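The values are calculated or read from the model by the stated rules, or taken from the named source; none is laboratory data. What you see is a predicted model; the values in this text were computed from it and never measured. Using ideal geometry, Cβ is built from the backbone for each residue, glycine included, and neighbour counts are taken over all protein chains shown. Accessible surface is based on the protein model in full, side chains and every heavy atom, while ligands, DNA and RNA are left aside. Shrake-Rupley method; radii C 1.70, N 1.55, O 1.52, S 1.80 Å.
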Amino acid sequence: MTWASRAVPAVAAAVAALAARDLLQRDHALLRNFPVLGRARYLLEAIGPELRQYIVAGNNEERPFTRDQRRWVYASAKGQNNYFGFGTDNDIEFTPGYPIIKHRTFGRAVPPSAPGAGHGVRLPCAKVLGGARGRARAFRPESVVNISGMSFGSLSGNAVEALNRGAALAGCLQNTGEGGLSPYHRKGGDLVFQIGTAYFGCRDEHGRFSLERLRDLVAGAPVRALEIKLSQGAKPSLGGLLPGAKVSAEIAATRGIPRGRDCVSPSRHAEFSDCDSLLDWVELLAAETGLPVGIKSAVGDLGFWEELTTLMRDTGRGVDFVTIDGGEGGTGAAPLIFTDSVSLPFQQGFARVYRIFAERDLHEQVVFVGAGKLGLPDNAVVAFALGCDLVNVGREAMLAIGCIQAQKCHTDTCPTGVATQNAWLARGLDPASKSVRAANYVRTLRRDLMKVAEACGVEHPGLISTDAVEVLDGRTASTPLREVYGYRPEWGLPSPADQAEIVRLMTAEAPQGDSAPPSPTAVG
């Protein structure tokens with residue numbers, strides 16, 4: 001027997017053993033779905049920096065998330081070293097619009113210097129959700145970072161379960177998305193139930209909103225708040241269609257629709273037709289459930305916000321929270337013109353809405369939630385400075401549980417089992433292991449937000465002011481964030497009472513840092 005004839009069976013056996021190992025392991029969805037072949041992706045990823053440096057793209061050229069951004073999320077989710085060496089490769093001085101965070105030499109907060117400082121810090125919201133309007137089930141969210149609305153149907157059941165388990169581990173909220181509350185949302189995480197135009201999960205047999213079914217749903221699940229979805233960043237003012245082929249028995253049961261038939265989401269709500277009737281409905285939902293009630297919207301025409309806030313000021317009715325989604329936000333599928341050009345990007349849209357609330361002295365009564373690529377620390381810090389009290393993370397949470405930015409969300413062929421209903425592909429995503437990664441990512445983002453807040457001299461990211469951020473206009477000029485968006489000095493912050501309470505909470509639980517013992521000649 002020749003050497004070659006002996007080697008071929010040995011190689012075949014080795015490949016078979018490797019394939020069996022890939023199929024049985026639970027850490028990498030790509031390898032479970034594509035044994036052996038999937039390893040090529042990790043090989044290319046390992047030598048990617050060298051290839052990109054000379055041949056392909058730079059670390060900041062890919063979109064919607066650059067390679068550096070994805071690498072930070074992946075490393076954070078895996079609990080690995082997420083630091084970067086040799087300084088920034090961003091072209092800071094020549095990038096108009098680049099935000100610079102201004103640290104303080106002698107701040108009120110003193111950052112601890114221990115290597116693990118901030119990793120387990122509790123970082124609650126600086127406001128009580130529903131407190132200003134006296135809702136029966138008002139509460140202070142335990143985490144300033146929460147998981148954005150992504151429906152079962154858009155995401156696989158395993159992905160939804162991984163995110164819900166991760167939310168429970170990290171002590172944050174998960175938004176159900178408009179697709180209803182599925183069994184995969186009942187794995188221990190607290191929920192925000194989103195009500196879309198089709199009223200999935202709270203509709204009768206004719207597709208009409210059912211208050212009775214909503215009451216039953218929130219009574220039997222850990223729902224902490226209700227969010228009325230008016231629009232989202234990547235699909236403003238559009239409805240949706242889930243083809244009948246994708247309407248499985250599970251999806252049909254979750255949404256309250258017939259199995260195997262096309263599922264249409266209208267572009268408008270049937271329960272209200274203007275701001276006045278919207279506020280009536282908000283107050284009805286709050287009275288019947290006791291829950292805080294808010295709205296989610298992308299920002300276009302400002303007339304809606306002006307009318308809404310005027311009615312809130314003059315009538316006493318109002319929403320408890322407002323979620324603003326930027327036009328750069330993601331979605332499973334949308335026309336290119338909508339993803340690229342319809343609705344304002346987050347910073348501009350949020351600042352305009354916040355200013356309208358502040359001009360009517362309503363900004364301290366509402367919890368502001370931001371969404372749209374805010375799962376990255378630099379974007380999130382600017383959002384808090386502008387007045388956000390909470391940030392929601394969507395695609396970044398998907399990256400944390402295995403998404404590789406294949407951009408196949410609309411084809412049902414997501415290779416890592418995140419955004420698909422294909423049973424074979426979805427089985428590759430193990431909820432138990434991926435939930436830990438989701439929690440790691442949320443905790444790491446909170447840690448970074450906390451460390452930046454301390455560098456700015458404050459105890460909580462919600463206390464970072466607009467004067468702590470400047471926006472570069474080019475190489476030789478910059479403008480304070482407050483001036484960029486026309487804020488008054490006191491805007492962007494919670495009320496004095498809320499500021500005092502969050503400082504009390506943070507200093508009671510998070511130890512302040514210290515310095516080396518002073519010498520006998522030290523002054524002050």
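Just one of the numbered conditions (1) in a helix (DSSP H, G or I); (2) of a type outside the set (Lys, Arg); (3) in contact with a helix residue (DSSP H, G or I) (Cβ under 6 Å, 6 or more places away or on another chain); (4) closer than 18 Å to VAL145 by Cα is not true of LEU425: (4). Evaluate the range 445-467: report whether one residue or more is open to solvent by 40 Å² or more (accessible area, probe 1.4 Å) and of a type in the set (Asp, Glu). Looking for residues that are open to solvent by 40 Å² or more (accessible area, probe 1.4 Å) and of a type in the set (Asp, Glu), one finds at least one in the range 445-467, hence yes.
Under 24 Å from ALA225 (Cβ atoms), of a type in the set (S, T, N, Q) and loosely packed, with under 14 Cβ neighbours inside 10 Å, is that true of SER277?
On the way: under 24 Å from ALA225 (Cβ atoms): yes; of a type in the set (S, T, N, Q): yes; loosely packed, with under 14 Cβ neighbours inside 10 Å: yes.
Taking the combined requirement at face value, the residue satisfies it.
Does the range 331-345 contain any residue that is open to solvent by less than 10 Å² (accessible area, probe 1.4 Å) and either modelled with pLDDT under 95 or at negative phi (or both)? Give the derivation first.
Our first condition is that a residue be open to solvent by less than 10 Å² (accessible area, probe 1.4 Å); within the range 331-345, this holds for none.
Checked the range 331-345: no residue is open to solvent by less than 10 Å² (accessible area, probe 1.4 Å) and either modelled with pLDDT under 95 or at negative phi (or both).
From the list GLY166, GLY153, GLY157, GLY131, the one residue that fits, being open to solvent by less than 60 Å² (accessible area, probe 1.4 Å), of a type in the set (Gly, Ala, Ser) and without any contact (Cβ under 8 Å) to a residue 24 or more places away in the chain, is GLY131.
Report the residue count in the range 190-207 for those that are under 22 Å from the mean Cα position of the chain (by Cα), crowded, with 24+ Cβ neighbours inside 10 Å and assigned to a loop (DSSP other than H, G, I, E, B).
So in the range 190-207, the residues under 22 Å from the mean Cα position of the chain (by Cα) come out as 190-197, 200.
Add one more test, that the residue is crowded, with 24+ Cβ neighbours inside 10 Å, and what stays is 192-196, 200.
Filter once more, keeping what is assigned to a loop (DSSP other than H, G, I, E, B): 196, 200.
Adding up the residues that qualify gives 2.
Please find, among ILE92, ILE100, the residue that is open to solvent by 10 Å² or more (accessible area, probe 1.4 Å), among the β-branched types (Val, Ile, Thr), more than 25 Å from ILE324 (Cα to Cα) and in contact (Cβ under 8 Å) with a residue 40 or more places away in the chain.
Details: ILE100 fails: more than 25 Å from ILE324 (Cα to Cα).
Every option except ILE92 fails the conditions.
Among the residues of the range 272-328, those identified as out of contact with any strand residue (DSSP E or B) (no Cβ under 6 Å at 6 or more places or on another chain), under 17 Å from ARG133 (Cβ atoms) and among the small types (Gly, Ala, Ser) are ALA287, GLY290, GLY316, GLY318. Screening the range 411-444 for residues that are under 30 Å from GLN499 (Cα atoms) and touching a Leu at 6+ places or on another chain (Cβ under 7 Å) and picking the one that is surrounded by the fewest Cβ atoms within 10 Å (Cβ to Cβ) gives ALA439.
Being more than 27 Å from the chain's Cα centre (by Cα) and either within 19 Å of GLY196 (Cα to Cα) or assigned to a loop (DSSP other than H, G, I, E, B) (or both) is not true of ALA286.
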